[in-house]
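What follows is calculated from the coordinates using simple rules that are stated; it is not laboratory data. These numbers come from a predicted model, not from an experiment. Glycine gets a Cβ as well: all are built from the backbone with ideal geometry, and neighbour counts include every protein chain shown.
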Amino acid sequence: MNIALIGYGKMGKVIEEVAIRKGHQIALKLTSKDVWDKDTLVNHSTDVAIEFTQPSVVTKNILTCFDANVPVVVGTTGWYQGVNEISQTCIEKNQAMLYASNFSIGVNLFFKINEMVAALMNKYNEYEVSVTEVHHVHKKDAPSGTAISIAEGILKYYPKKIQWRLDSNKDGLWIRARRVGDEKGYHSVCYQSEVDSIQIDHQAHSRKGFAIGAVLAAEYIKGKNGVFQMKDVLDFFSR
């Protein structure tokens, strides 16, 4: 499979390593300094593009992939206010897009565990729930897309909490967002009462887990049409 890497920073380099180890070829390595368009993807016989860039350019990159008839795996977060419109465009143009707030297999299993715990804990009003996330200082969006996904999983079972917030408020679900050093990614859900606390967490040790998931997503989406998420990939490869 010929893969175009749209974004060739730390994440892109690890994806390259994983993809080559699995027998794929890197057809293109595009950075913010490169000028490219749909013909660039076509001329390099691109089978799938993997996009890890910035929220300000992700929509343009996705649409360019659609124009080139190239399925795209989107790892950039912080752009989800436009995801419904882009998803509709994807369907109308009979293209393929797979987006996720986190490609780590462990994190996606954590999403399921999080909802199971929330469904159990919402019956006990003495426990107040909150989310904590920690990432490296270069991460642009806060809270992380992963933290938002975790919060949305909790909110399904807490109708009295209107939305997630970046401050403490009884009506909202508090997400504490911190930026520290080169932290790869830490997410925690805590249920706190006066007498005890219950906590579940996920700690990423390296970017390799995200890269493995992104390449799995690329393998899954090749030859497909539609809008997909990481749960589709996990359901497919766990059969």
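Using +1 at the Cβ of each Lys and Arg and -1 at the Cβ of each Asp and Glu in the chain, identify which of Asn169, Ile198, Ile6 lies farthest towards the dipole's positive end. Farthest along the dipole direction, towards plus: Ile6. Restriction of the GluC sites (Glu not before Pro) in segment 171-239 to DSSP coil positions whose beta-carbon has at most 13 other beta-carbons within 10 angstrom yields Glu194. Computed across segment 154-239, the Kirkwood radius stands at 16.4 Å (inverse of mean 1/r, all Cα pairs).
Considering only beta bridges that DSSP places wholly inside the chain, some 35 percent are antiparallel. Taking 7 Å steps out from each Cα toward its Cβ at Glu115 and Ala142 produces label points 3.0 nm apart.
Using DSSP, restrict attention to beta bridges with both residues in segment 105-203 and report what percent are antiparallel, rounded to the nearest 5.
Restricted to segment 105-203, the bridges split so that about 60 percent are antiparallel.
Computed from point charges on the beta carbon alone (+1 for Lys and Arg, -1 for Asp and Glu), the dipole magnitude for the chain about its Cα centre is near 280 Debye. The GluC sites (Glu not before Pro) of segment 74-150 that meet both conditions, a loop assignment by DSSP and at most 10 other Cβ atoms within 10 Å of the site Cβ, are Glu126. Reported value for segment 105-203: 95 Å³ per residue, from the convex hull of its C-alpha atoms. In a reduced charge model with +1 at each Lys and Arg Cβ and -1 at each Asp and Glu Cβ, segment 105-203 shows a dipole moment near 280 debye about its Cα centre. Rounded to the nearest Å, what's the spacing between the alpha carbon centres of segment 111-127 and segment 40-91? Just the number, please. That distance is 35 Å. Taking Cα atoms, how many degrees apart are the long axis of helix 208-221 and the longest axis of the chain, rounded to 10 and kept between 0 and 90? Rounded to the nearest ten degrees, it is 60. Between amide H atoms placed 1.01 Å from N, distances below 5 Å from Val74 occur with Glu51, Leu98, Tyr99, Ala100, all of them 5 or more places distant or on a separate chain.
Averaging the sequence gap over all C-alpha pairs within less than 8 Å and six or more residues apart, then dividing by the number of residues, gives segment 105-203 a relative contact order of 35 percent. Take every Cα pair under 8 Å whose residues are at least 6 apart in sequence, average their separation, divide by the length of the chain, and the relative contact order is 22 percent. With a cut-off of 15 Å between beta carbons, the residues surrounding Glu126 carry a summed charge of 0, where Lys and Arg count +1 and Asp and Glu -1.
The chymotrypsin sites (Phe, Trp or Tyr not before Pro) of segment 140-174 include none that DSSP puts in a loop with a beta carbon having at most 10 other beta carbons within 10 Å. Taken about its Cα centre, segment 146-233 carries a charge dipole of about 280 debye when Lys and Arg each add +1 at the Cβ and Asp and Glu each add -1 at the Cβ. Applying 1/(1 + (r/R0)^6) with R0 = 22 Å to the Cβ-Cβ distance of Arg179 and Ser56 gives a FRET efficiency near 0.75.
The calculated FRET efficiency for the pair Lys123 and Phe236, based on their C-beta separation and a Förster distance of 25 Å, comes to about 0.15. Its DSSP H runs of at least 4 residues, each contributing -39,500 (n - 2.57), put the calculated 222 nm mean residue ellipticity of the chain at -11500 deg cm²/dmol, to the nearest 500.
Using 31 Å as the Cα-Cα cut-off, could you pick out the over-long pairs in Lys123/Lys208; Lys13/Lys38; Lys29/Lys112; Lys160/Lys231; Lys160/Lys224?
Lys123/Lys208; Lys29/Lys112; Lys160/Lys224
Extending 7 Å from Cα along the Cβ direction at Gln192 and again at Asp39 yields two label points whose distance is 5.8 nm.
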